[in-house]
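So the structure is just underneath, and the comments pick up after that.
The values are calculated or read from the model by the stated rules, or taken from the named source; none is laboratory data. Remember, it's a predicted structure, so these values are computed and weren't measured experimentally. As a convention, Cβ positions derive from the backbone with ideal geometry for all residues, glycine included, and neighbour counts pool all protein chains shown. Each accessible area value is taken on the protein alone, full model and side chains, heavy atoms only, with ligands, DNA and RNA left out. Shrake-Rupley method; radii C 1.70, N 1.55, O 1.52, S 1.80 Å.
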Amino acid sequence: MAKVRIGTQRLKEGFAKMVKHVVIMDVTSAKQARIAEKAGAVAVMALHLVPADIRATGGVARMPDPKVVKHIMKAVTIPVMAKCRIGHFAEAQVLETLGVDMIDESEVLTPADEESHIDKHRFKIPFVCGARDLGEALRRIDEGAAMIRTKGEAGTGNVVEAVRHMKCMNRQIAELVRIKNKENRLQDAANAYRVPIELVKKTAELGRLPVVNFAAGGIATPADASLMMQLGADGVFVGSGIFKSTQPERFARAIVRATRHYDKPEEVAKASEGLGDAMKGRSIDSLSADERMQERGR
Amino acid sequence: MKVGVIGLQGDVEEHLTALEKCGAEPVWIRSVAELEQVDAFIIPGGESTTIGKLMWESGMSKVVKKKVAEEKFPVWGTCAGMILVASRGDVQVKRTGQRLLGLMDAEVDRNAFGRQRESFEVELNVAGIKRFNAVFIRAPAFERVGKSCKVLAKFDGKIVAAEQGSVLATAFHPELTDDLRLHEYFLANAKR
(Lines give C-alpha, C1' and ligand atoms only; values in the text may rest on other atoms or scores of the structure.)
Protein backbone atom coordinates (compact mmCIF):
# COMPACT_ATOMS: atom_id res chain seq x y z
CA MET A 1 0.00 0.00 0.00
CA ALA A 2 1.12 3.56 -0.75
CA LYS A 3 2.82 5.49 2.01
CA VAL A 4 0.40 7.41 4.23
CA ARG A 5 1.60 10.75 5.65
CA ILE A 6 -0.05 12.32 8.68
CA GLY A 7 0.49 15.63 10.50
CA THR A 8 1.93 17.43 7.45
CA GLN A 9 1.84 21.23 7.28
CA ARG A 10 -0.55 20.94 4.31
CA LEU A 11 -3.00 18.93 6.43
CA LYS A 12 -2.72 21.40 9.30
CA GLU A 13 -3.22 24.51 7.17
CA GLY A 14 -5.87 22.66 5.15
CA PHE A 15 -7.90 22.01 8.28
CA ALA A 16 -7.91 25.76 9.02
CA LYS A 17 -9.14 26.44 5.47
CA MET A 18 -12.16 24.21 6.08
CA VAL A 19 -13.47 26.42 8.89
CA LYS A 20 -13.36 29.67 6.88
CA HIS A 21 -16.22 32.18 6.54
CA VAL A 22 -18.18 31.38 9.66
CA VAL A 23 -17.99 31.47 13.43
CA ILE A 24 -16.11 29.44 16.01
CA MET A 25 -17.65 29.70 19.48
CA ASP A 26 -16.17 29.41 22.97
CA VAL A 27 -17.95 26.78 25.07
CA THR A 28 -17.40 25.44 28.57
CA SER A 29 -19.81 22.48 28.55
CA ALA A 30 -21.39 19.86 26.28
CA LYS A 31 -24.70 21.69 26.59
CA GLN A 32 -23.22 24.94 25.31
CA ALA A 33 -21.45 23.03 22.52
CA ARG A 34 -24.76 21.65 21.30
CA ILE A 35 -26.31 25.12 21.31
CA ALA A 36 -23.36 26.41 19.28
CA GLU A 37 -23.58 23.55 16.77
CA LYS A 38 -27.31 24.02 16.33
CA ALA A 39 -26.85 27.74 15.75
CA GLY A 40 -24.46 27.03 12.86
CA ALA A 41 -21.02 27.31 14.50
CA VAL A 42 -18.39 25.67 12.32
CA ALA A 43 -16.38 24.52 15.33
CA VAL A 44 -16.31 25.00 19.09
CA MET A 45 -13.47 26.06 21.36
CA ALA A 46 -13.42 24.24 24.68
CA LEU A 47 -12.19 26.12 27.69
CA HIS A 48 -12.56 26.08 31.45
CA LEU A 49 -14.17 29.51 31.74
CA VAL A 50 -15.08 32.08 29.10
CA PRO A 51 -12.65 35.03 29.13
CA ALA A 52 -15.09 37.37 30.91
CA ASP A 53 -15.28 34.88 33.81
CA ILE A 54 -11.52 34.38 33.77
CA ARG A 55 -11.22 38.12 34.36
CA ALA A 56 -13.86 38.07 37.09
CA THR A 57 -12.46 35.00 38.86
CA GLY A 58 -8.77 35.86 38.74
CA GLY A 59 -6.11 33.29 39.60
CA VAL A 60 -4.27 31.05 37.16
CA ALA A 61 -6.26 30.06 34.07
CA ARG A 62 -5.30 26.65 32.64
CA MET A 63 -6.37 24.17 29.96
CA PRO A 64 -9.88 22.70 30.41
CA ASP A 65 -10.58 19.50 32.35
CA PRO A 66 -10.04 16.53 29.96
CA LYS A 67 -13.38 15.11 31.10
CA VAL A 68 -15.19 18.22 29.90
CA VAL A 69 -13.27 18.15 26.60
CA LYS A 70 -14.29 14.52 26.08
CA HIS A 71 -17.94 15.32 26.82
CA ILE A 72 -17.87 18.15 24.31
CA MET A 73 -16.23 15.92 21.67
CA LYS A 74 -18.96 13.37 22.19
CA ALA A 75 -21.77 15.92 22.12
CA VAL A 76 -21.08 17.44 18.69
CA THR A 77 -19.98 16.33 15.23
CA ILE A 78 -18.30 19.63 14.26
CA PRO A 79 -14.57 20.02 15.05
CA VAL A 80 -13.58 20.64 18.66
CA MET A 81 -10.68 22.93 19.54
CA ALA A 82 -9.24 23.59 22.99
CA LYS A 83 -7.01 26.20 24.59
CA CYS A 84 -3.68 25.61 26.28
CA ARG A 85 -1.34 28.08 27.96
CA ILE A 86 1.39 29.83 25.96
CA GLY A 87 4.51 27.69 26.03
CA HIS A 88 2.85 24.86 27.94
CA PHE A 89 3.69 21.99 25.59
CA ALA A 90 2.63 19.38 28.15
CA GLU A 91 -0.91 20.76 28.17
CA ALA A 92 -0.78 20.68 24.36
CA GLN A 93 0.35 17.04 24.48
CA VAL A 94 -2.62 16.20 26.70
CA LEU A 95 -5.04 17.91 24.33
CA GLU A 96 -3.49 16.11 21.35
CA THR A 97 -3.88 12.77 23.11
CA LEU A 98 -7.54 13.53 23.79
CA GLY A 99 -7.96 13.96 20.02
CA VAL A 100 -9.06 17.59 19.76
CA ASP A 101 -8.89 18.86 16.18
CA MET A 102 -6.94 22.06 16.84
CA ILE A 103 -5.16 23.70 19.77
CA ASP A 104 -5.32 27.41 20.57
CA GLU A 105 -2.08 28.43 22.28
CA SER A 106 -3.82 31.30 23.96
CA GLU A 107 -2.94 34.49 25.81
CA VAL A 108 -6.39 34.27 27.41
CA LEU A 109 -4.93 31.65 29.76
CA THR A 110 -2.06 32.44 32.10
CA PRO A 111 1.23 32.06 30.18
CA ALA A 112 3.44 29.15 31.27
CA ASP A 113 6.61 30.29 29.50
CA GLU A 114 7.59 33.94 29.18
CA GLU A 115 10.50 33.14 26.89
CA SER A 116 9.09 31.01 24.12
CA HIS A 117 6.00 29.60 22.53
CA ILE A 118 5.38 25.91 21.86
CA ASP A 119 7.36 24.34 19.00
CA LYS A 120 4.24 23.51 17.04
CA HIS A 121 6.08 21.57 14.33
CA ARG A 122 6.43 18.73 16.83
CA PHE A 123 2.68 18.11 16.92
CA LYS A 124 0.46 16.19 14.52
CA ILE A 125 -2.54 18.43 15.05
CA PRO A 126 -2.74 22.08 13.97
CA PHE A 127 -2.43 25.17 16.19
CA VAL A 128 -4.01 28.61 16.08
CA CYS A 129 -2.23 31.51 17.79
CA GLY A 130 -3.09 35.13 18.56
CA ALA A 131 -1.23 38.11 17.07
CA ARG A 132 -1.37 41.89 17.39
CA ASP A 133 0.74 42.69 14.36
CA LEU A 134 2.43 41.08 11.38
CA GLY A 135 5.63 40.33 13.31
CA GLU A 136 3.80 38.29 15.95
CA ALA A 137 1.77 36.53 13.25
CA LEU A 138 4.83 35.56 11.18
CA ARG A 139 6.78 34.39 14.25
CA ARG A 140 3.89 32.11 15.22
CA ILE A 141 3.67 30.77 11.65
CA ASP A 142 7.41 30.17 11.69
CA GLU A 143 6.92 28.16 14.90
CA GLY A 144 4.38 26.03 13.04
CA ALA A 145 1.00 27.73 13.62
CA ALA A 146 -1.49 26.74 10.90
CA MET A 147 -3.86 29.60 11.62
CA ILE A 148 -3.71 33.09 13.12
CA ARG A 149 -6.31 35.17 14.91
CA THR A 150 -6.15 38.71 16.19
CA LYS A 151 -5.62 38.87 19.92
CA GLY A 152 -8.05 41.70 20.48
CA GLU A 153 -8.79 42.03 24.17
CA ALA A 154 -10.77 38.94 25.15
CA GLY A 155 -13.59 39.06 27.67
CA THR A 156 -14.18 42.79 27.35
CA GLY A 157 -16.98 42.77 24.78
CA ASN A 158 -15.06 45.66 23.26
CA VAL A 159 -14.00 45.24 19.64
CA VAL A 160 -11.55 48.14 19.52
CA GLU A 161 -8.39 46.07 20.05
CA ALA A 162 -9.34 43.44 17.45
CA VAL A 163 -9.86 46.29 14.97
CA ARG A 164 -6.48 47.77 15.88
CA HIS A 165 -4.72 44.43 15.39
CA MET A 166 -6.42 43.61 12.10
CA LYS A 167 -5.72 47.06 10.65
CA CYS A 168 -2.13 46.91 11.81
CA MET A 169 -1.58 43.57 10.05
CA ASN A 170 -3.30 44.85 6.90
CA ARG A 171 -1.11 47.95 6.85
CA GLN A 172 2.09 46.00 7.36
CA ILE A 173 1.15 43.48 4.65
CA ALA A 174 0.37 46.34 2.24
CA GLU A 175 3.84 47.72 2.99
CA LEU A 176 5.43 44.34 2.14
CA VAL A 177 3.49 44.26 -1.14
CA ARG A 178 4.89 47.69 -2.00
CA ILE A 179 8.49 46.53 -1.53
CA LYS A 180 8.08 43.02 -2.89
CA ASN A 181 10.71 43.48 -5.62
CA LYS A 182 13.31 45.02 -3.32
CA GLU A 183 15.35 42.20 -1.88
CA ASN A 184 17.27 44.27 0.68
CA ARG A 185 14.13 45.92 2.05
CA LEU A 186 12.45 42.53 2.39
CA GLN A 187 15.52 41.36 4.28
CA ASP A 188 15.22 44.39 6.58
CA ALA A 189 11.59 43.50 7.23
CA ALA A 190 12.51 39.87 7.94
CA ASN A 191 15.15 41.05 10.41
CA ALA A 192 12.71 43.39 12.11
CA TYR A 193 10.07 40.68 12.36
CA ARG A 194 12.70 38.08 13.39
CA VAL A 195 11.57 35.51 10.79
CA PRO A 196 13.14 33.90 7.69
CA ILE A 197 12.99 36.04 4.56
CA GLU A 198 11.11 33.28 2.70
CA LEU A 199 8.10 33.85 4.94
CA VAL A 200 8.21 37.60 4.32
CA LYS A 201 8.48 37.02 0.55
CA LYS A 202 5.56 34.63 0.55
CA THR A 203 3.39 37.15 2.42
CA ALA A 204 4.41 39.91 -0.02
CA GLU A 205 3.55 37.72 -3.02
CA LEU A 206 0.17 36.64 -1.64
CA GLY A 207 -0.73 40.08 -0.33
CA ARG A 208 -2.17 38.41 2.75
CA LEU A 209 -1.08 36.16 5.60
CA PRO A 210 0.00 32.77 4.22
CA VAL A 211 -2.43 31.01 6.59
CA VAL A 212 -6.08 31.51 7.52
CA ASN A 213 -6.62 34.62 9.66
CA PHE A 214 -9.62 35.00 11.97
CA ALA A 215 -10.75 37.90 14.12
CA ALA A 216 -11.01 37.35 17.87
CA GLY A 217 -11.08 39.18 21.17
CA GLY A 218 -14.00 41.41 22.12
CA ILE A 219 -16.47 40.55 19.34
CA ALA A 220 -19.87 40.82 21.06
CA THR A 221 -22.55 41.72 18.48
CA PRO A 222 -23.59 40.78 14.93
CA ALA A 223 -22.35 44.17 13.72
CA ASP A 224 -18.96 43.52 15.37
CA ALA A 225 -18.69 40.29 13.33
CA SER A 226 -19.63 42.15 10.13
CA LEU A 227 -17.05 44.84 10.89
CA MET A 228 -14.23 42.32 11.33
CA MET A 229 -15.19 40.43 8.17
CA GLN A 230 -15.19 43.68 6.20
CA LEU A 231 -11.72 44.41 7.53
CA GLY A 232 -10.57 41.17 5.88
CA ALA A 233 -10.98 38.42 8.49
CA ASP A 234 -11.51 34.89 7.13
CA GLY A 235 -13.98 34.22 9.96
CA VAL A 236 -14.57 35.10 13.60
CA PHE A 237 -14.11 33.61 17.04
CA VAL A 238 -16.76 34.63 19.52
CA GLY A 239 -15.97 34.04 23.15
CA SER A 240 -17.85 35.57 26.04
CA GLY A 241 -20.23 37.41 23.68
CA ILE A 242 -22.61 34.50 23.26
CA PHE A 243 -22.95 32.82 26.61
CA LYS A 244 -22.73 36.11 28.52
CA SER A 245 -25.68 37.54 26.60
CA THR A 246 -29.24 37.25 27.89
CA GLN A 247 -30.36 34.92 25.05
CA PRO A 248 -27.40 32.75 24.00
CA GLU A 249 -29.24 30.70 21.34
CA ARG A 250 -30.63 33.70 19.52
CA PHE A 251 -27.37 35.51 19.91
CA ALA A 252 -25.39 32.62 18.44
CA ARG A 253 -27.69 32.37 15.41
CA ALA A 254 -27.56 36.13 14.92
CA ILE A 255 -23.75 36.22 14.90
CA VAL A 256 -23.62 33.38 12.36
CA ARG A 257 -26.10 35.19 10.12
CA ALA A 258 -24.23 38.48 10.32
CA THR A 259 -20.91 36.80 9.56
CA ARG A 260 -22.32 35.05 6.53
CA HIS A 261 -23.99 38.22 5.19
CA TYR A 262 -21.33 40.57 6.50
CA ASP A 263 -21.46 42.81 3.43
CA LYS A 264 -25.27 43.14 3.40
CA PRO A 265 -26.28 45.76 6.01
CA GLU A 266 -29.98 44.85 5.73
CA GLU A 267 -29.17 41.27 6.80
CA VAL A 268 -26.95 42.46 9.66
CA ALA A 269 -29.83 44.72 10.74
CA LYS A 270 -32.24 41.78 10.77
CA ALA A 271 -29.74 39.70 12.71
CA SER A 272 -29.35 42.47 15.29
CA GLU A 273 -33.05 43.02 15.90
CA GLY A 274 -34.54 42.40 19.36
CA LEU A 275 -31.57 40.45 20.65
CA GLY A 276 -31.82 41.68 24.21
CA ASP A 277 -28.72 42.86 26.00
CA ALA A 278 -25.28 42.03 24.69
CA MET A 279 -22.65 41.33 27.32
CA LYS A 280 -22.00 44.44 29.38
CA GLY A 281 -18.40 44.85 28.37
CA ARG A 282 -15.55 47.03 29.58
CA SER A 283 -13.55 49.89 28.21
CA ILE A 284 -9.91 49.06 27.58
CA ASP A 285 -8.77 52.04 29.70
CA SER A 286 -10.39 50.48 32.76
CA LEU A 287 -8.01 47.50 32.54
CA SER A 288 -4.83 47.60 34.56
CA ALA A 289 -1.59 46.63 32.79
CA ASP A 290 -1.67 43.05 34.11
CA GLU A 291 -5.30 42.67 33.03
CA ARG A 292 -4.37 43.26 29.41
CA MET A 293 -4.19 39.74 28.00
CA GLN A 294 -2.90 40.91 24.63
CA GLU A 295 0.48 41.84 26.13
CA ARG A 296 1.14 38.16 26.79
CA GLY A 297 3.33 36.15 24.41
CA ARG A 298 4.91 38.34 21.76
CA MET B 1 -17.33 28.60 -19.14
CA LYS B 2 -18.68 30.05 -15.88
CA VAL B 3 -18.10 27.72 -13.00
CA GLY B 4 -19.49 28.51 -9.58
CA VAL B 5 -18.23 27.53 -6.16
CA ILE B 6 -20.89 27.40 -3.45
CA GLY B 7 -19.33 30.04 -1.22
CA LEU B 8 -21.21 29.82 2.05
CA GLN B 9 -18.42 28.27 4.08
CA GLY B 10 -15.17 26.34 3.69
CA ASP B 11 -12.24 26.44 1.26
CA VAL B 12 -13.96 28.48 -1.44
CA GLU B 13 -10.97 30.56 -2.60
CA GLU B 14 -8.80 27.49 -3.19
CA HIS B 15 -11.32 26.11 -5.71
CA LEU B 16 -11.75 29.52 -7.36
CA THR B 17 -7.99 29.77 -7.84
CA ALA B 18 -7.74 26.26 -9.31
CA LEU B 19 -10.61 26.98 -11.73
CA GLU B 20 -8.98 30.19 -12.87
CA LYS B 21 -5.70 28.36 -13.53
CA CYS B 22 -7.67 25.91 -15.70
CA GLY B 23 -8.99 28.78 -17.82
CA ALA B 24 -12.56 28.72 -16.52
CA GLU B 25 -14.37 31.80 -15.26
CA PRO B 26 -14.82 31.24 -11.51
CA VAL B 27 -17.84 32.66 -9.69
CA TRP B 28 -18.31 32.91 -5.91
CA ILE B 29 -21.92 31.86 -5.27
CA ARG B 30 -23.84 32.98 -2.20
CA SER B 31 -27.40 33.21 -3.55
CA VAL B 32 -29.88 31.43 -5.80
CA ALA B 33 -29.65 34.30 -8.30
CA GLU B 34 -25.88 33.75 -8.66
CA LEU B 35 -26.43 30.01 -8.93
CA GLU B 36 -28.71 30.51 -11.94
CA GLN B 37 -25.91 32.16 -13.90
CA VAL B 38 -23.27 29.45 -13.99
CA ASP B 39 -22.72 26.42 -16.23
CA ALA B 40 -21.41 24.09 -13.53
CA PHE B 41 -20.48 24.30 -9.89
CA ILE B 42 -18.49 22.87 -7.03
CA ILE B 43 -19.51 22.27 -3.41
CA PRO B 44 -16.21 22.82 -1.56
CA GLY B 45 -14.70 21.36 1.57
CA GLY B 46 -15.81 22.67 4.93
CA GLU B 47 -18.30 21.53 7.54
CA SER B 48 -21.10 19.67 5.80
CA THR B 49 -23.57 20.49 8.58
CA THR B 50 -22.88 24.21 8.18
CA ILE B 51 -22.81 24.26 4.35
CA GLY B 52 -25.92 22.05 4.19
CA LYS B 53 -27.84 24.19 6.66
CA LEU B 54 -27.02 27.32 4.71
CA MET B 55 -27.89 25.70 1.35
CA TRP B 56 -31.33 24.83 2.66
CA GLU B 57 -31.87 28.20 4.31
CA SER B 58 -30.97 30.08 1.13
CA GLY B 59 -33.09 27.88 -1.13
CA MET B 60 -30.04 26.75 -3.11
CA SER B 61 -30.61 23.07 -2.33
CA LYS B 62 -33.95 23.05 -4.16
CA VAL B 63 -32.51 24.73 -7.26
CA VAL B 64 -29.50 22.40 -7.32
CA LYS B 65 -31.67 19.27 -7.14
CA LYS B 66 -33.92 20.53 -9.91
CA LYS B 67 -31.01 21.50 -12.18
CA VAL B 68 -29.31 18.14 -11.82
CA ALA B 69 -32.53 16.19 -12.40
CA GLU B 70 -33.78 18.23 -15.34
CA GLU B 71 -30.68 19.62 -17.03
CA LYS B 72 -27.98 17.13 -16.02
CA PHE B 73 -26.18 20.07 -14.45
CA PRO B 74 -22.49 19.32 -13.70
CA VAL B 75 -21.77 19.25 -9.96
CA TRP B 76 -18.61 18.29 -8.06
CA GLY B 77 -18.55 17.80 -4.31
CA THR B 78 -15.23 17.64 -2.44
CA CYS B 79 -15.17 16.30 1.14
CA ALA B 80 -18.13 18.13 2.77
CA GLY B 81 -19.51 18.40 -0.77
CA MET B 82 -19.25 14.63 -1.18
CA ILE B 83 -21.38 14.16 1.94
CA LEU B 84 -24.02 16.54 0.63
CA VAL B 85 -24.38 14.92 -2.83
CA ALA B 86 -25.03 11.48 -1.26
CA SER B 87 -28.52 10.08 -0.85
CA ARG B 88 -28.18 8.19 2.43
CA GLY B 89 -26.11 8.70 5.55
CA ASP B 90 -24.60 6.83 8.47
CA VAL B 91 -25.67 6.95 12.12
CA GLN B 92 -24.10 10.38 12.62
CA VAL B 93 -26.03 11.86 9.72
CA LYS B 94 -29.25 10.34 11.00
CA ARG B 95 -28.68 11.38 14.61
CA THR B 96 -28.10 15.00 13.71
CA GLY B 97 -31.00 15.02 11.24
CA GLN B 98 -28.70 16.27 8.49
CA ARG B 99 -30.41 16.65 5.12
CA LEU B 100 -28.63 15.44 1.98
CA LEU B 101 -29.11 16.52 -1.63
CA GLY B 102 -29.42 12.95 -2.91
CA LEU B 103 -27.69 13.62 -6.23
CA MET B 104 -25.89 10.26 -6.19
CA ASP B 105 -27.13 6.79 -5.33
CA ALA B 106 -24.66 6.39 -2.48
CA GLU B 107 -24.53 5.89 1.28
CA VAL B 108 -22.00 8.11 2.98
CA ASP B 109 -19.99 7.56 6.15
CA ARG B 110 -19.49 11.12 7.32
CA ASN B 111 -16.34 10.68 9.35
CA ALA B 112 -14.91 7.54 7.76
CA PHE B 113 -11.28 8.14 8.72
CA GLY B 114 -11.50 9.80 12.13
CA ARG B 115 -10.65 13.23 13.52
CA GLN B 116 -7.99 15.74 12.44
CA ARG B 117 -5.26 13.70 14.17
CA GLU B 118 -5.97 10.89 11.69
CA SER B 119 -6.13 13.14 8.62
CA PHE B 120 -3.65 12.03 5.94
CA GLU B 121 -2.11 12.41 2.50
CA VAL B 122 -1.57 9.47 0.18
CA GLU B 123 -0.73 8.71 -3.47
CA LEU B 124 -3.97 7.36 -4.85
CA ASN B 125 -4.89 5.62 -8.07
CA VAL B 126 -7.83 7.47 -9.58
CA ALA B 127 -9.51 5.98 -12.68
CA GLY B 128 -8.67 8.04 -15.75
CA ILE B 129 -6.18 10.19 -13.81
CA LYS B 130 -3.70 7.64 -12.43
CA ARG B 131 -1.55 8.63 -9.46
CA PHE B 132 -2.84 11.61 -7.52
CA ASN B 133 -1.65 13.07 -4.22
CA ALA B 134 -4.91 12.92 -2.26
CA VAL B 135 -5.33 15.13 0.83
CA PHE B 136 -7.88 13.74 3.29
CA ILE B 137 -9.05 16.03 6.12
CA ARG B 138 -11.60 14.55 8.55
CA ALA B 139 -12.79 12.94 5.37
CA PRO B 140 -15.94 11.01 4.49
CA ALA B 141 -16.25 7.97 2.22
CA PHE B 142 -19.03 6.17 0.41
CA GLU B 143 -19.88 2.88 2.12
CA ARG B 144 -22.08 1.61 -0.69
CA VAL B 145 -23.08 2.87 -4.10
CA GLY B 146 -25.87 1.87 -6.48
CA LYS B 147 -25.32 0.35 -9.92
CA SER B 148 -25.56 3.68 -11.74
CA CYS B 149 -22.70 5.08 -9.68
CA LYS B 150 -19.16 4.48 -10.99
CA VAL B 151 -16.33 4.06 -8.49
CA LEU B 152 -13.20 6.05 -9.48
CA ALA B 153 -10.96 5.39 -6.48
CA LYS B 154 -10.83 3.40 -3.29
CA PHE B 155 -8.65 3.66 -0.20
CA ASP B 156 -8.55 1.17 2.63
CA GLY B 157 -11.53 -0.61 1.07
CA LYS B 158 -13.64 2.56 1.10
CA ILE B 159 -14.92 4.49 -1.92
CA VAL B 160 -13.23 7.89 -2.02
CA ALA B 161 -14.03 9.06 -5.56
CA ALA B 162 -17.08 8.30 -7.69
CA GLU B 163 -19.27 9.69 -10.44
CA GLN B 164 -22.84 9.29 -11.55
CA GLY B 165 -24.08 11.08 -14.66
CA SER B 166 -23.10 14.73 -14.31
CA VAL B 167 -22.19 14.46 -10.62
CA LEU B 168 -18.65 13.89 -9.34
CA ALA B 169 -17.59 13.30 -5.74
CA THR B 170 -14.18 13.11 -4.07
CA ALA B 171 -13.52 12.58 -0.37
CA PHE B 172 -10.18 14.38 -0.72
CA HIS B 173 -9.14 17.94 -1.62
CA PRO B 174 -7.48 18.43 -5.04
CA GLU B 175 -7.85 22.19 -4.43
CA LEU B 176 -5.26 22.00 -1.64
CA THR B 177 -2.59 20.83 -4.10
CA ASP B 178 -1.15 22.37 -7.27
CA ASP B 179 -2.33 19.37 -9.29
CA LEU B 180 -5.14 20.58 -11.56
CA ARG B 181 -5.96 17.26 -13.26
CA LEU B 182 -9.21 16.62 -11.40
CA HIS B 183 -10.42 20.17 -11.99
CA GLU B 184 -9.58 19.69 -15.69
CA TYR B 185 -11.40 16.37 -15.70
CA PHE B 186 -14.51 17.98 -14.21
CA LEU B 187 -14.41 20.88 -16.68
CA ALA B 188 -13.90 18.56 -19.67
CA ASN B 189 -16.96 16.52 -18.69
CA ALA B 190 -18.98 19.65 -18.00
CA LYS B 191 -18.29 20.97 -21.52
CA ARG B 192 -19.80 17.91 -23.16
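Output the residues belonging to region B:36-51 that are in contact (Cβ under 8 Å) with a residue 40 or more places away in the chain, farther than 20 Å from B:GLN92 by Cβ and part of a strand (DSSP E or B). Listed by number, the residues that qualify are B:ALA40, B:ILE42. Restricting region B:72-91 to residues that are of a type outside the set (A, V, I, L, M) and within 13 Å of B:THR49 (Cα to Cα) leaves a set whose member that is surrounded by the most Cβ atoms within 10 Å (Cβ to Cβ) is B:CYS79. A single entry from B:GLU25, B:GLU13 fulfils the requirement of being within 17 Å of B:LEU180 (Cβ to Cβ), open to solvent by 10 Å² or more (accessible area, probe 1.4 Å) and within 13 Å of chain A (Cβ to nearest Cβ): B:GLU13. Determine, yes or no, whether A:GLN93 is assigned to a helix (DSSP H, G or I), among the polar types (S, T, N, Q) and within 14 Å of chain B (Cβ to nearest Cβ). In short, yes.
Please count how many residues of region B:115-132 are open to solvent by 20 Å² or more (accessible area, probe 1.4 Å) and either over 19 Å from B:LEU182 (Cα atoms) or at the interface with chain A (Cβ under 9 Å from one of its Cβ atoms) (or both). Counting residues in region B:115-132 that are open to solvent by 20 Å² or more (accessible area, probe 1.4 Å) and either over 19 Å from B:LEU182 (Cα atoms) or at the interface with chain A (Cβ under 9 Å from one of its Cβ atoms) (or both) gives 6. I'm checking my understanding of the structure. Among residues of region A:96-124 that are assigned to a loop (DSSP other than H, G, I, E, B) and within 14 Å of chain B (Cβ to nearest Cβ), which one is nearest to A:PHE214 (Cα to Cα)? Going through the qualifying residues, I end up with A:ASP101.
For region B:11-35, the tally of residues that are farther than 20 Å from A:GLU267 by Cβ and part of a loop (DSSP other than H, G, I, E, B) stands at 4. Restricting region A:7-23 to residues that are at the interface with chain B (Cβ under 7 Å from one of its Cβ atoms) and in a helix (DSSP H, G or I), the residue that is most open to solvent (accessible area, probe 1.4 Å) is A:ARG10. Going by the conditions given, is A:ALA43 open to solvent by 10 Å² or more (accessible area, probe 1.4 Å) and either over 29 Å from A:ARG282 (Cβ atoms) or touching a residue at least 40 places away in the same chain (Cβ under 8 Å) (or both)? In short, no.
Residues in region A:151-165 that are buried (at least 24 other Cβ atoms within 10 Å of the Cβ) and under 12 Å from A:LEU231 (Cα atoms): A:ALA162, A:HIS165.
Scanning region B:166-189 for residues that are in a loop (DSSP other than H, G, I, E, B) and either of a type in the set (Ser, Thr, Tyr) or at pLDDT below 95 (or both) turns up B:SER166, B:THR177. Among the residues of region A:66-90, how many are assigned to a helix (DSSP H, G or I) and open to solvent by 40 Å² or more (accessible area, probe 1.4 Å)? Of the residues in that region, 8 qualify.
Pairing residues of region B:52-64 that are part of a helix (DSSP H, G or I) with residues that are acidic (Asp, Glu), at Cβ distances under 8 Å and at least 6 apart in sequence or on separate chains, gives B:VAL63/B:GLU36.
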